[in-house]
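The values are calculated or read from the model by the stated rules, or taken from the named source; none is laboratory data. Nothing here was measured: the structure is a model prediction, and the numbers come from that model. Note that each Cβ is placed from the backbone with ideal geometry, even for glycine, and that neighbours are counted across all protein chains shown. For accessibility, only protein heavy atoms count, side chains too; no ligands or nucleic acids. Shrake-Rupley method; radii C 1.70, N 1.55, O 1.52, S 1.80 Å.
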Amino acid sequence: MNTVDAHKKTVNILLTCGIFGSLLYPITDIIAGNLYNGYSFNEQTVSELFAIGAPTSQLVVILFTISSLLFIAFALGVWLLSSDKRILRALSLMIFGNAVNSLILWNFFPMHMRGVQPSFTDKMHGILAINPFVLISIVLGTVYFKNWFRYYSVATILLLIITVVLAIPKALLVYENQPTPGLGIMERVSQYGHQLWHAILAIALLYIHRRQ
């Protein structure tokens, strides 16, 4: 295998990591939610699956960490593919930033379970959960692509904005240990939406790379 073929194979593997990293998130959420006795996908957030004291915390942190590491590999693949394309390089940095932000969130700043007095870790959890890297990544995807993926990216941006705006008032009630009907659904629409976007981005970039 010559250098060019080796480089192409490496990029293919790294871009494929974006697909697996994206799929691992919802798979973990679904498995953990079913293992957590009494957990409500409708009312409770994904963060509550790895909250301090949650029975599924260790499992979720391990699998989410693997997902984030796969995203770091994906970011490297996008960087290697970018050549002199500045938008792709910026996109690579945003994917990397998203992964690092998430790694810190899972491993160092989980929230407390409902009914427990919030502390510094809960405040940091809320700050890190804002995660601007995701939205910026999708915006960059909108700028870079000029085909159907651009329209899909715009639709994803609108979906994220709408669900976040609707979810914020309910999310604040979590720390007051109040009922939050629909919060879990709204958050998952947003989270699954951008995970799907990253998976399709990886597929689109794989297609471009294989045609080069």
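Inspect all residues belonging to the stretch 56-65 and state whether any of them is closer than 20 Å to PRO132 by Cβ and hydrophobic (A, V, I, L, M, F, W, C). Step through it out loud before you land on a result.
So the first thing to find is which residues in the stretch 56-65 are closer than 20 Å to PRO132 by Cβ, and the list is 64.
Subset that is hydrophobic (A, V, I, L, M, F, W, C): 64.
Looking for residues that are closer than 20 Å to PRO132 by Cβ and hydrophobic (A, V, I, L, M, F, W, C), one finds at least one in the stretch 56-65, hence yes.
Residues in the stretch 40-66 that are surrounded by fewer than 20 Cβ atoms within 10 Å (Cβ to Cβ), in contact (Cβ under 8 Å) with a residue 12 or more places away in the chain and of a type outside the set (A, V, I, L, M): how many?
8
Among the residues that make up the stretch 67-78, is at least one of them open to solvent by 40 Å² or more (accessible area, probe 1.4 Å) and either free of Cβ contacts under 8 Å to residues at least 12 places away in the same chain or not in a helix (DSSP H, G or I) (or both)?
Within the stretch 67-78, not a single residue is open to solvent by 40 Å² or more (accessible area, probe 1.4 Å) and either free of Cβ contacts under 8 Å to residues at least 12 places away in the same chain or not in a helix (DSSP H, G or I) (or both).
Starting from the stretch 103-131, keep only residues that are closer than 17 Å to GLN191 by Cα and of a type in the set (Ser, Thr, Tyr), then list their pairs with residues that are at pLDDT 95 or above and open to solvent by 60 Å² or more (accessible area, probe 1.4 Å) whose Cβ atoms are within a distance under 8 Å, requiring at least 6 positions of separation or different chains.
Nothing qualifies.
Tell me, yes or no, whether the stretch 107-121 has at least one residue that is in a helix (DSSP H, G or I) and crowded, with 17+ Cβ neighbours inside 10 Å.
Of the stretch 107-121, the ones in a helix (DSSP H, G or I) are 107-108, 120-121.
Restricting the remaining residues to those that are crowded, with 17+ Cβ neighbours inside 10 Å gives none.
The answer is no; no qualifying residue exists.
Could you check the stretch 165-175 and list, in sequence order, the residues that are touching a helix residue (DSSP H, G or I) at 6+ places or on another chain (Cβ under 9 Å), assigned to a helix (DSSP H, G or I) and open to solvent by 70 Å² or more (accessible area, probe 1.4 Å)?
We begin by selecting, within the stretch 165-175, every residue touching a helix residue (DSSP H, G or I) at 6+ places or on another chain (Cβ under 9 Å); these are 166-167, 170-171, 173-175.
Filter again for assigned to a helix (DSSP H, G or I), leaving 166-167, 170-171, 173-174.
Of everything in the stretch 165-175, just one residue is touching a helix residue (DSSP H, G or I) at 6+ places or on another chain (Cβ under 9 Å), assigned to a helix (DSSP H, G or I) and open to solvent by 70 Å² or more (accessible area, probe 1.4 Å), namely LEU166.
Given the conditions (1) buried (at least 19 other Cβ atoms within 10 Å of the Cβ); (2) within 15 Å of LEU205 (Cα to Cα); (3) in contact with a Cys (Cβ under 9 Å, 6 or more places away or on another chain), report the number of the one that LEU14 does not fulfil.
So LEU14 meets the others, but not (3).
For residues that are without any contact (Cβ under 8 Å) to a residue 60 or more places away in the chain and under 18 Å from the mean Cα position of the chain (by Cα), scanning just the stretch 177-196, find the one that is nearest to LYS146 (Cα to Cα). Can you show your working first?
Initial filter on the stretch 177-196 (without any contact (Cβ under 8 Å) to a residue 60 or more places away in the chain): 178, 186, 189-190, 193.
Narrowing the set further to residues that are under 18 Å from the mean Cα position of the chain (by Cα) leaves 186, 189-190, 193.
On the way: MET186: 29, VAL189: 25, SER190: 24, GLY193: 21 Å.
Filtering the stretch 177-196 for residues that are without any contact (Cβ under 8 Å) to a residue 60 or more places away in the chain and under 18 Å from the mean Cα position of the chain (by Cα), the one nearest to LYS146 (Cα to Cα) comes out as GLY193.
Take the conditions assigned to a loop (DSSP other than H, G, I, E, B), among the polar types (S, T, N, Q) and surrounded by fewer than 20 Cβ atoms within 10 Å (Cβ to Cβ) and apply them to GLN178. Does it pass?
Numbers: assigned to a loop (DSSP other than H, G, I, E, B): yes; among the polar types (S, T, N, Q): yes; surrounded by fewer than 20 Cβ atoms within 10 Å (Cβ to Cβ): yes.
Yes, satisfied.
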